[in-house]
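Only one structure is covered here, and it is reproduced in the block below.
The values are calculated or read from the model by the stated rules, or taken from the named source; none is laboratory data. Everything quoted here is computed from the prediction, not taken from an experiment. As a convention, Cβ positions derive from the backbone with ideal geometry for all residues, glycine included, and neighbour counts pool all protein chains shown. Accessible surface areas use protein heavy atoms only, side chains included; no ligands, DNA or RNA. Shrake-Rupley method; radii C 1.70, N 1.55, O 1.52, S 1.80 Å.
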Amino acid sequence: MSPPPDQALWDIPDMAKLSISGVSKAYGATVALSHGDLDLEAGEVHVLIGSNGSGKSTLCKIVAGSVKPDKGKVVLDGAPVAVSGPRAAKALGIGIFYQELSLAARRTVEENICLPDLPMTGPFVDRKALSARAARYIALFDGVTGEDFAANTTVDVLRADQRQLVEIMKTLATEAPVLIFDEPTSALDRTQVDRFFEILRRLKGEGRAIVFISHRMDEIFAIGDRVTVLRDGRTVGTTRIADTSPAEVVRMMVGEETSLVVPAQAEAAASPGAVALSLRGLSGKGFSEVSFDLRQGEILGFGGLHGQGQSAVLRALFGAAPAAAGDIALDGQPFVPANPRVAIRAGIAYVSGDRGRDGIIQGRTILENVTPIHFLRNRLKLASASTLRAKATPALAALNTKFAGFSHPIGSLSGGNQQKIVIARWLIDRPQVLLLDDPTKGIDLSAKADLFALVRKLAQEGMAIILYSSEDVELLANADRILVFNAGRVTRELTGTDRTRFHLYEAAYEAA
Amino acid sequence: MVDAVAQPPRNPGSIKRFIERYPFLPALVIMLVLLALNGLWQPRSVGLVGLTGLAKTYLALMLLAVAQTYVIYAGDIDLSVGAIVSLVNVVIVAFMSAMGGDTITVLAAMVIGLGVGLACGIVNGVVVAVFRLQAIVATFATSIFFTGLALWVMPVAGTPAPATFWRAYGGRILEVPFVFWAVVVLAIMLYLIARTRLAIQLLAVGDDVQGAYQSGLPVTAIRMRGYALCGLFAALAAFCITGDTASGDPLVGGKMTLFSVAAVVLGGSALAGGHGTVVGSVFGALIIGLINSLVYFVGTPSEWQNLVQGLAILIALVAGILIGRRARS
Amino acid sequence: MSMLAEIAKRPLVVALVLIVLLLAAGELLSPGFASPTQIMRLLIVAALLGIVAAGQNLVILGGREGIDLSVGGVVSLSAIIAGNLMNGADSGIALAILGCVATGAFFGLLNGLGVTLLRIPPLVMTLGMLGVLQGLLVVIRQGIPSGRAAPGLSQFVTQPFLFGLPGIIWLWVAIGLLLAFLLSRTVYGYRIYAIGSNEQAARMAGVPVATIRVSLFVLSGVFAAIAGICLLGYSGSSFANVGEQYMLPSIIAVVFGGTSLAGGKGGYTGTMAGAMMLTVLTGILTTINIDESGRQMIFGATLLLLMLFYGRGQAMRA
């Protein structure tokens, strides 16, 4: 692909360290990456950014050899290369941090760090050399690894941030000239991130070429030299960090379709009804002392940084991970959601953002995916396909779901349509309370628009709805009232004109 | 294993970590308890003669459990180990009875036996790792094939092994029974193998095959080597069977396959792979042996013995898994 | 060509085609192999395996490495219990069926509870249970004389009953229809596939995961018990460990029928064809004039070859 004309304005060295052009990858009907381009230079930190599902990880995995591209070219040091697998990538000098981590849980920290290349003396693993080598990379994070972290600790007893550090150490231990970090900081705290950035700067100084992915805008502007933006599986542009602004980057990420995200009605529901759900001092794993009232016809937003207890509260209400203490009342009656079946029967619906884990029944048909709640709520014994199809059709139509037929496998649909099927299963028999746990993760913009239009309509019909979204724009546009979570507690309530991004950030970032 | 004795747990809470670190400990305790019970009911059973007999009878199962462990490390399973034992048994007995029973022949037979075991292991590795067939059904199919081969080599049981062979197995070196030397050699081998790259790689593959692949490990080759190692140890197990029974039998190993799997689980290794020790499997095999002898010593009526053994093994399997899980939570 | 490839992907079609080819090959090798009486005999043998495989199939469909190694033990036990309860008299058949089904259900229940409540891997749980069952067999066989099949039972299994086919084949067909109905037309069936495909998602969608999994093991025990009764009818009297021959073949029949060992995918119709295929293959091998050793080698190699058609794992690099 020829470079865009304005690229000539940038002082690009003669030859990029790594150059990727026109790579694509599709899984069945789901296109993960339609046209990825990336030019990486030695001695730079190159940020890759794009919303969930925009193809960043796929692009990285293609470079690292663990995903086989359908099309496209990878040029390393001026020569076209075939990255036939992770081993080939290792030999070519490409090291990668995997977002989902590539650690062996029952092996120790030091074994994991050295696993790709175990030091040997004769036929045996040189344990001393292994410990010494691992120690060098562990030492880089001296003082920020947290407690109970040692070279001989097995990875499965570590916290999420510690595991992420191990994966970073493992990546650094490859000593590869090209280093790819796919969301290495998502679980790290401030001091850990600072230390990591110090290391990155040093590596940059050594002339390494580094790809860095993060969703945190502040991190991107703190460490990046250039940024490449991906949208819907396509590279939309590359620019110097110094020449751009967060707002500009967001505009590139969102593209022209921004308007679709924000539905027409952002104002609070005209007349909220009776209290549908009421929590008093609810505490459990990941949240404590949560109290609020949710009214019929209201969309209550859960805000704050990711993982501050929002999901945990929703899962507790649904009985997936019951609360330890506190009271819940549903329609004024005490309610103990011991398990999801109890909650479903009581009229509570829950839509998880983790479709693959909690939502879709992979490998089965659309009909089978849309019916389980209907079975439970009506205590059905027989499953007549024609009756079920007739029941499910209006629910699917309400979401503008596109599908070829009920007997097609769910995997044949795009991510957005899969999520619509999962949501539609709750709409055959209307619940009283709808819990949306980051429901738009990884789905396309038009599907989001369909989803939020429906959510507003359901609220207007009297349903009580809680919406947690990791995307602030969605939250601000769709919630009537927002509870901001910080470290498992509700620290702020935003209503009316307070519902601004400024207040949301202020409450989310203040020390808990 | 040596470290286990050297470093006592630092505080009470670390006992859990200790079991986590040395997953064979519950098996060791169960084994020692069974040994004590055996001694209580039949003091002679824990004497030199009794222990020699125990080792002589169960050395084969110990080796076969070790063989199975290497495959289970990687999250695979080998249901053909018993058939490999049978095949190696009849091959070496047929060879020795054809060539005469002198020492050179015996050694040559053992080399051939190891070669046969290795070849069988490689066949399993190709079928499971390269062709990506389900391990459980594919190794069942190869077990039928290996049994066919064994029947071809020796259609009926009964060809005697030369006296050199079984006398050596049942004999003594420097006044110490041969089987104890064999146990010492086995311990050294296991220690050395545990130090190789393969041991760590097999466990990493069993832990998270995708992660291991993404880390640049040659996953297919590693699983192949696991099966090859399994074949070699199955051949060693066959030597012990041959020494113990002093004859060739094309079906001798058949019953041992499921016991080898049970021994591995008893030893604290995870069937799903990624976690375990070969030492534990040795203890597991001994637990099975000690249960069998204890049931006999306490005077269980003969027709009830199998049932009591079966129940005791089931309880030990379940208890072992529950203890191992509690240690981790 | 692509249509052919599409058809070849359907395990049921593959199995049916292979059955016809195998029958033709059998007829060539030994004329009379595919005669109606011979085919009927093969069908009876296939029905015995097929009924055991029905339970195995359900357990495997339910996922989480579902497998039942104890079926062989239940078959043996059931054959002995049935023989003793009826002891050659038709009047005892009803009691025998009741006793055997209850026994099978009991051991299935134990397996199911171990797998769900104690979370023991199914392979370990059912392997341990197999040891218990084998021990129990020894006790029972030494305590009481091995019974005989009632004439009515033998007749049911071996003699023509309706349209020239013995009752056991009709029973098999009925089980096939029942399972087809259960799996595709009932909520229970939908839920089996759901827990086999994604247990977590199924739980979040209100599926009673543990109850269903226990019920699958109970059904596996019941089907194995029924097969044990029929086996007694087929052989007249029971002998030790008669059921052992069904343990792994029942799994292979399920695999050849296109059910994935990973769970959540497949069905019983294919398994019936798989059981038939295995039986015809064994039948051919016993007909042709070669040594037992050659038979086993050919059998093992053929199984491996056939497996290449079914459920190969995914390549590491997608």
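Here are the numbers:
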read-out: C:G131 within 30 Å of B:G273 (Cα to Cα), open to solvent by 10 Å² or more (accessible area, probe 1.4 Å) and within 14 Å of chain B (Cβ to nearest Cβ); value: yes
read-out: Options C:G152, C:G196, C:G189; residue that is more than 30 Å from C:S35 (Cβ to Cβ) and either more than 14 Å from every other protein chain (Cβ to nearest Cβ) or without any contact (Cβ under 8 Å) to a residue 12 or more places away in the chain (or both); value: C:G189
read-out: Residue tally, condition closer than 23 Å to C:Y246 by Cα, out of contact with any helix residue (DSSP H, G or I) (no Cβ under 7 Å at 6 or more places or on another chain) and of a type in the set (A, V, I, L, M), over the stretch C:71-104; value: 2
read-out: Unique residue being open to solvent by less than 40 Å² (accessible area, probe 1.4 Å), touching a residue at least 12 places away in the same chain (Cβ under 8 Å) and not aromatic (F, W, Y) when the list is C:L278, C:L248, C:L219; value: C:L278
read-out: Odd one out for A:A151 among (1) without any contact (Cβ under 8 Å) to a residue 60 or more places away in the chain; (2) of a type in the set (G, A, S); (3) open to solvent by less than 20 Å² (accessible area, probe 1.4 Å); (4) touching a helix residue (DSSP H, G or I) at 6+ places or on another chain (Cβ under 7 Å); value: (3)
read-out: Top-ranked residue of the stretch B:146-197 - restricted to ones that are within 14 Å of chain C (Cβ to nearest Cβ) and free of Cβ contacts under 8 Å to residues at least 24 places away in the same chain, ranked as most open to solvent (accessible area, probe 1.4 Å); value: B:W152
read-out: Answer residue from the stretch B:271-329, given it is under 20 Å from the mean Cα position of the chain (by Cα) and among the polar types (S, T, N, Q) and is nearest to the other protein chains (Cβ to nearest Cβ) among those; value: B:Q309
read-out: Pairs, first of a type in the set (S, T, Y) in the stretch A:29-42, second in a strand (DSSP E or B) and surrounded by fewer than 21 Cβ atoms within 10 Å (Cβ to Cβ), C-beta under 7 Å, six or more apart; value: A:S34/A:S24; A:S34/A:R234
read-out: Tally of residues being facing chain B (nearest Cβ under 10 Å) and closer than 16 Å to A:T153 by Cα across the stretch A:89-128; value: 11
read-out: Residue that is nearest to A:E206 (Cα to Cα), among those in the stretch A:35-57 that are open to solvent by 20 Å² or more (accessible area, probe 1.4 Å) and either part of a loop (DSSP other than H, G, I, E, B) or at pLDDT below 90 (or both); value: A:G43
read-out: Qualifying residue in the stretch C:288-295 (condition: in contact (Cβ under 8 Å) with a residue 40 or more places away in the chain and surrounded by 21 or more Cβ atoms within 10 Å (Cβ to Cβ)); value: no
read-out: Residues that are assigned to a loop (DSSP other than H, G, I, E, B) and basic (K, R), drawn from the stretch A:64-82; value: A:K68
read-out: Unique residue being within 11 Å of chain C (Cβ to nearest Cβ), open to solvent by 10 Å² or more (accessible area, probe 1.4 Å) and either in contact with a strand residue (DSSP E or B) (Cβ under 9 Å, 6 or more places away or on another chain) or not small (G, A, S) (or both) when the list is B:L114, B:L79, B:L107; value: B:L79
read-out: Single match in C:A240, C:A301 (criterion: among the aliphatic types (A, V, I, L, M), without any contact (Cβ under 8 Å) to a residue 60 or more places away in the chain and surrounded by fewer than 22 Cβ atoms within 10 Å (Cβ to Cβ)); value: C:A301
read-out: Total residues in the stretch C:176-210, condition farther than 22 Å from A:R315 by Cα, assigned to a helix (DSSP H, G or I) and not charged (D, E, K, R); value: 16
read-out: Residue check for B:G216: in contact with a His (Cβ under 9 Å, 6 or more places away or on another chain), within 14 Å of another protein chain (Cβ to nearest Cβ) and either part of a helix (DSSP H, G or I) or crowded, with 21+ Cβ neighbours inside 10 Å (or both); value: no
read-out: Output for the stretch A:104-143, where each listed residue is open to solvent by less than 20 Å² (accessible area, probe 1.4 Å) and assigned to a loop (DSSP other than H, G, I, E, B); value: A:A104, A:L118, A:F141
read-out: Residues within the stretch C:198-212 that are out of contact with any Phe, Trp or Tyr (no Cβ under 9 Å at 6 or more places or on another chain) and surrounded by fewer than 23 Cβ atoms within 10 Å (Cβ to Cβ), tallied; value: 7
read-out: Subset of the stretch A:397-406 that is at pLDDT below 90 and either in contact with a helix residue (DSSP H, G or I) (Cβ under 7 Å, 6 or more places away or on another chain) or under 21 Å from A:R315 (Cα atoms) (or both) - its residue that is most open to solvent (accessible area, probe 1.4 Å); value: A:K402
read-out: Unique match (being surrounded by 24 or more Cβ atoms within 10 Å (Cβ to Cβ), more than 10 Å from chain B (Cβ to nearest Cβ) and of a type in the set (A, V, I, L, M)) among C:A102, C:A96; value: C:A96
read-out: Some residue of the stretch C:232-243 being within 14 Å of another protein chain (Cβ to nearest Cβ), over 18 Å from the mean Cα position of the chain (by Cα) and within 30 Å of B:E303 (Cβ to Cβ); value: yes
read-out: C:F107 in contact with a Leu (Cβ under 9 Å, 6 or more places away or on another chain) and at pLDDT below 90; value: no
read-out: Residues of the stretch C:75-93 that turn out to be within 14 Å of chain B (Cβ to nearest Cβ) and touching an Asp or Glu at 6+ places or on another chain (Cβ under 9 Å), as a count; value: 1
read-out: Segments classed as helices (runs of 4 or more DSSP H), wholly inside the stretch A:311-388, with at least 2 members that are at the interface with chain C (Cβ under 7 Å from one of its Cβ atoms) and at pLDDT 90 or above; value: A:340-345, A:372-378
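Every residue, every condition in (1) in contact (Cβ under 8 Å) with a residue 12 or more places away in the chain; (2) out of contact with any Phe, Trp or Tyr (no Cβ under 9 Å at 6 or more places or on another chain), yes or no:
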| residue | (1), (2) |
| --- | --- |
| C:I60 | yes, yes |
| C:V74 | yes, no |
| C:A79 | yes, no |
| C:A82 | yes, yes |
| C:A89 | yes, yes |
| C:L95 | no, yes |
| C:G104 | yes, no |
| C:L113 | yes, no |
